[in-house]
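Notes follow the structure.
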Amino acid sequence: MAGKVFFSVSMSLDGFIAPESPEELMGRQWMELQQWIFPLRFFRENLKLGEGGEEGRDNDIARETFERTGASVMGKRMFDAGEQAWPEEPPFHTSVFVVTHEKRDPWERPGGTTFHFVNDGIETALDRAREAAGDRDVRIAGGGATILEYVNAGLIDEFSIALSPVLFGSGIRLFEGVDAARVALEPLRTDPSPRVTHLTYAVRER
């Protein structure tokens, strides 16, 4: 049985998931937004940063998100930023399908991550990701524009937001341009932690 299609992001209290400029991705604001994940044991294990790290609900959620993911889809903007920032062994350890207009051969990295470049639309990328994922889930990794395309196309089953106590003021809003007449949400669960509040919703058609 095919798994779900989901996304999972950190979001500021005023609704932003990234700074506007790719050059600011790893900047102060973005680091504050993501600071809940850096101390976690799972984060340290996955990026091979050494032993130790915090356990608890945040760590469980990070591990569960990774373990349910059989393949990922991302946009070209996210790939371009990550290509510069990810270590030699990227943190996905699955096939990743990059939605792009360019033609490019698959890029195989150590640790089980292979990037495949799909230049004929988001549905083709998702079909290929589903096939690669088997009975596990497909994660729409980002960025915001790619997530929105999948939401507006009715292709997302559920999503989780790690709501962080940070204000951006400007940047990339998660739901900027959403087709609100089409999308209805069903709250599934809320998991508060000392650093963030995890909100999970199922997506339904109106």
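The values are calculated or read from the model by the stated rules, or taken from the named source; none is laboratory data. Because the structure is a prediction, the values reported are computed rather than measured. Methodologically, a virtual Cβ is constructed for each residue, glycine included, from the backbone with ideal geometry; neighbour enumeration extends over all protein chains shown. Quick note on the areas: whole protein, heavy atoms, side chains included, nothing else; ligands and nucleic acids left out. Shrake-Rupley method; radii C 1.70, N 1.55, O 1.52, S 1.80 Å.
Miscellaneous remarks
- Candidates Gly177, Gly142, filtered to the one that is within 27 Å of Leu25 (Cα to Cα) and in contact with a Phe, Trp or Tyr (Cβ under 8 Å, 6 or more places away or on another chain): Gly142
- Entry remark, the range 157-196: residues being surrounded by 15 or more Cβ atoms within 10 Å (Cβ to Cβ) and in a strand (DSSP E or B) number 11 in total.
- The range 12-44, residues that are among the aliphatic types (A, V, I, L, M), within 17 Å of the chain's Cα centre (by Cα) and in a loop (DSSP other than H, G, I, E, B): Leu25, Met26, Ile37
- Qualifying residue in the range 114-128 (condition: modelled with pLDDT of 95 or more and touching a Pro at 6+ places or on another chain (Cβ under 6 Å)): yes
- Neighbours by Cβ (under 6 Å, 6+ apart or cross-chain): first from the range 16-40, more than 14 Å from Ile161 (Cα to Cα); second open to solvent by 40 Å² or more (accessible area, probe 1.4 Å) and assigned to a strand (DSSP E or B): Pro39/Glu54; Leu40/Glu54
- The residue that is modelled with the lowest pLDDT, among those in the range 134-156 that are small (Gly, Ala, Ser), open to solvent by 10 Å² or more (accessible area, probe 1.4 Å) and over 24 Å from Arg206 (Cβ atoms), is Gly143.
- Those residues of the range 10-33 which are on the phi > 0 side of the Ramachandran plot and open to solvent by 60 Å² or more (accessible area, probe 1.4 Å), in sequence order: Met26
- Comparison of Ala145, Ala141, Ala129, Ala133 shows that the only residue that is of a type in the set (A, V, I, L, M) and over 17 Å from Gly75 (Cα atoms) is Ala133.
- Residues in the range 34-53 that are closer than 22 Å to Thr69 by Cβ and open to solvent by less than 70 Å² (accessible area, probe 1.4 Å): Gln34, Trp36, Ile37, Phe38, Pro39, Leu40, Phe42, Phe43, Arg44, Asn46, Leu47, Gly53.
- Checked across the range 62-77, the condition of being over 27 Å from Glu149 (Cβ atoms) and open to solvent by 60 Å² or more (accessible area, probe 1.4 Å) holds for at least one residue.
- Glu89 being surrounded by 13 or more Cβ atoms within 10 Å (Cβ to Cβ) and at pLDDT 95 or above: no
- Qualifying residue in the range 45-54 (condition: part of a helix (DSSP H, G or I) and either in contact (Cβ under 8 Å) with a residue 60 or more places away in the chain or farther than 18 Å from Ser160 by Cα (or both)): yes
- Only one entry of Glu108, Glu102, Glu131 meets the criterion of being open to solvent by 10 Å² or more (accessible area, probe 1.4 Å), at pLDDT below 95, of a type in the set (Asp, Glu) and over 19 Å from Ser8 (Cα atoms), and that entry is Glu102.
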